[in-house]
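S.K.: My questions will all concern the structure given below.
The values are calculated or read from the model by the stated rules, or taken from the named source; none is laboratory data. A quick note: this is a predicted structure, and the numbers were derived from the prediction, not measured. Positions of Cβ are backbone-derived with ideal geometry, glycine not excepted, and every protein chain shown enters the neighbour counts. Surface areas here come from the heavy atoms of the whole protein model, side chains and all, with no ligands, DNA or RNA. Shrake-Rupley method; radii C 1.70, N 1.55, O 1.52, S 1.80 Å.
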Amino acid sequence: MNQSALNFIRSFRGTGGRGGRWPVAVLLAVLLAVLLATAITARQIKAKAEADARNEFDSVCKETRAKIKNRLAAHEQILRSGAAFFADDNGVTRTEWRDFAERQKVSQKLPGIQGIGFALLVPRTQLAKHLQKIRAEGFHNYRVWPEGERETYSSIIFLEPFVDRNLRAFGYDMFAEPVRRAAMERARDQDAATLSGKVTLVQETGKDVQAGTLMYVPVYRMGAPHATVAERRAALMGWVYSPYRMNDLIESGMLGHWVLAEQRRIRLLIYDGETPSPEALLYDSQRGGDQQPALAGRMTGQATLTLAGRRWHLSFAELGSPGQTVVYRKAWLVLGGGACISLLLSGFVLSLVTTRRNALRLAMRLSADLRLSEERWQFAVEGTGDGVWDWNVATNQVVFSKRLKEMLGYAENEIGSGLEEWSQRVHPEDLPQVMTKVKAHLDGQTATYASEHRLRCKDGSWKFILDRGLAVLRD
């Protein structure tokens with residue numbers, strides 16, 4: 001018989017002829033208390049699971065922002081290296097540019113870049129000479145496009161790898177398109193790497209069309225001053241640049257699969273500018289999904305990144321219902337398990353109350369004897385491993401079980417039967433709160449007495465114990 005069962009049996013004293021109604025009331029009160037405690041514990045575990053999931057979600061969002069920023073910073077360094085490559089007074093040949101691009105090993109180190117190119121600035125007065133020069137290299141059908149009279153042209157003359165869809169960009173005048181031109185002028189005037197706004201790249205073939213953006217770094221003529229905006233405009237030779245197809249850039253070059261721990265997933269949307277809108281959408285990890293992912297109960301996050309002079313708005317949202325994304329197993333286990341155990345225990349004790357009244361009377365007599373004889377205590381709690389002590393408040397006599405003495409390192413005859421044997425072994429820091437709880441229970445303020453405190457062992461060390469008791473009879 002364990003201590004909990006013994007306490008219940010002790011509580012049955014004084015039922016007399018009331019038919020066991022008082023024990024049933026106590027049983028119901030204890031059942032409700034245990035169920036309430038179980039519910040509170042389950043709620044706390046649920047709250048912790050939600051907090052852990054939120055921390056994990058925020059950590060992934062932060063890591064994602066860092067990856068995007070670091071990767072585009074690496075792209076900028078490659079373009080600056082390309083701009084420095086034009087420092088040679090003899091210029092750069094097509095073969096030299098191809099060798100330079102191959103040495104960068106972009107496909108291995110920084111996958112997701114569509115290419116590395118150079119766009120030459122061509123004044124209107126030099127357009128014919130420029131066309132003749134490029135056609136003399138073997139590109140007989142070369143032209144600067146789109147057609148039309150303009151004061152200034154730019155032409156993509158280098159773009160590596162110079163194969164497949166990149167061939168479509170050969171000769172394209174990016175300066176003729178407003179979004180690209182704005183970024184190119186900003187790069188020129190600020191002598192800085194700049195990202196363009198959202199565009200559709202000329203490399204697109206009509207299949208799997210993706211949103212695009214481009215990064216530009218200005219190239220100034222060797223030895224020409226470019227300390228001021230006017231000097232930079234006068235010294236500009238062209239731009240080293242990279243075009244990006246956003247899906248390829250993000251998924252191949254930066255982030256891979258958007259998978260969180262425990263098989264939970266998040267969704268990422270990237271917008272050009274600070275304000276999300278369908279027109280500004282650059283990337284969506286859920287192709288063609290609803291662009292309003294912040295549904296009730298889901299975790300979301302927002303961030304703004306400044307990348308090469310351009311702002312991107314990042315929107316994060318978990319996918320699936322909260323029940324799928326947050327692990328509630330422990331909470332449900334505690335709630336269900338606690339409820340089952342409480343009901344089983346209550347049913348067991350209720351069965352004792354209603355079907356074994358004679359056995360209870362015998363047990364009550366045994367309980368009275370146990371307060372006078374430690375040997376009977378040992379018989380009642382045989383096999384539980386709990387230490388037991390019984391305090392007769394009227395006489396201040398205390399009986400300690402053999403097991404309790406062993407737990408403190410004492411032999412059976414080394415502890416007497418006075419109350420001081422207990423109180424002197426309670427840690428001085430714990431004694432006030434222990435006595436407060438004892439008094440509150442004896443005054444009828446609490447249904448049971450329970451206290452976790454330290455007791456001094458024989459060797460002088462302190463041992464934490466959980467002390468529980470019940471006043472079986474009040475006068």
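S.K.: If you scan the range 309-335, which residues turn out to be modelled with pLDDT under 75 and part of a loop (DSSP other than H, G, I, E, B)?
M.R.: G320, S321, V326, V327, Y328
S.K.: Okay, moving on. If you go through the range 286-308 one residue at a time, do you hit one that is in a loop (DSSP other than H, G, I, E, B), open to solvent by less than 30 Å² (accessible area, probe 1.4 Å) and modelled with pLDDT of 95 or more?
M.R.: Within the range 286-308, one or more residues are in a loop (DSSP other than H, G, I, E, B), open to solvent by less than 30 Å² (accessible area, probe 1.4 Å) and modelled with pLDDT of 95 or more.
S.K.: Mind listing whichever residues of the range 45-73 are over 18 Å from the mean Cα position of the chain (by Cα) and either surrounded by 12 or more Cβ atoms within 10 Å (Cβ to Cβ) or touching a residue at least 60 places away in the same chain (Cβ under 8 Å) (or both)?
M.R.: I68, K69, R71, L72, A73
S.K.: Now for a separate question. (1) of a type outside the set (V, I, T); (2) assigned to a loop (DSSP other than H, G, I, E, B); (3) at negative phi: which one isn't true of K46, the others all being true?
M.R.: K46 satisfies all of (1) of a type outside the set (V, I, T); (2) assigned to a loop (DSSP other than H, G, I, E, B); (3) at negative phi except (2).
S.K.: If you go through the range 435-460 one residue at a time, how many are small (G, A, S), open to solvent by 40 Å² or more (accessible area, probe 1.4 Å) and within 42 Å of the chain's Cα centre (by Cα)?
M.R.: Count: 1.
S.K.: To continue, here is another question. Suppose we keep only residues that are open to solvent by 30 Å² or more (accessible area, probe 1.4 Å) and not hydroxyl-bearing (S, T, Y) within the range 415-424. Which one would you say is nearest to the chain's Cα centre (by Cα)?
M.R.: Filtering first and then ranking leaves Q424.
S.K.: In addition: Just one of (1) under 26 Å from R71 (Cα atoms); (2) at pLDDT below 95 trips up M184, so point out which.
M.R.: Condition not satisfied by M184: (2).
S.K.: For a quick check of your reading of the model, give me the residue pairs whose first member lies in the range 122-147 and is in contact (Cβ under 8 Å) with a residue 24 or more places away in the chain, whose second is among the aliphatic types (A, V, I, L, M), with beta-carbon atoms closer than 6 Å and at least 6 apart or on different chains.
M.R.: H130/V122; Y142/I134; P146/A176
S.K.: A further question on this structure: Against the condition open to solvent by 10 Å² or more (accessible area, probe 1.4 Å), closer than 30 Å to T275 by Cβ and among the β-branched types (V, I, T), how does V179 come out, does it pass?
M.R.: Yes.
S.K.: Give me the residue from the range 249-271 that is open to solvent by less than 50 Å² (accessible area, probe 1.4 Å) and not hydrophobic (A, V, I, L, M, F, W, C) and, out of that set, modelled with the lowest pLDDT.
M.R.: For the range 249-271, the residue satisfying everything is R264.
S.K.: Regarding E274, is this residue modelled with pLDDT of 90 or more, open to solvent by 50 Å² or more (accessible area, probe 1.4 Å) and in a helix (DSSP H, G or I)?
M.R.: Judged against the criteria, E274 is not a match.
S.K.: Hey, does the range 124-137 have a residue that's surrounded by 14 or more Cβ atoms within 10 Å (Cβ to Cβ) and part of a loop (DSSP other than H, G, I, E, B)?
M.R.: Checked against the condition, which is being surrounded by 14 or more Cβ atoms within 10 Å (Cβ to Cβ) and part of a loop (DSSP other than H, G, I, E, B), the range 124-137 yields no hits at all.
S.K.: Ok, one more. Can you give me the number of residues within the range 175-226 that are of a type in the set (A, V, I, L, M, F, W, C) and outside any loop (DSSP other than H, G, I, E, B)?
M.R.: 13
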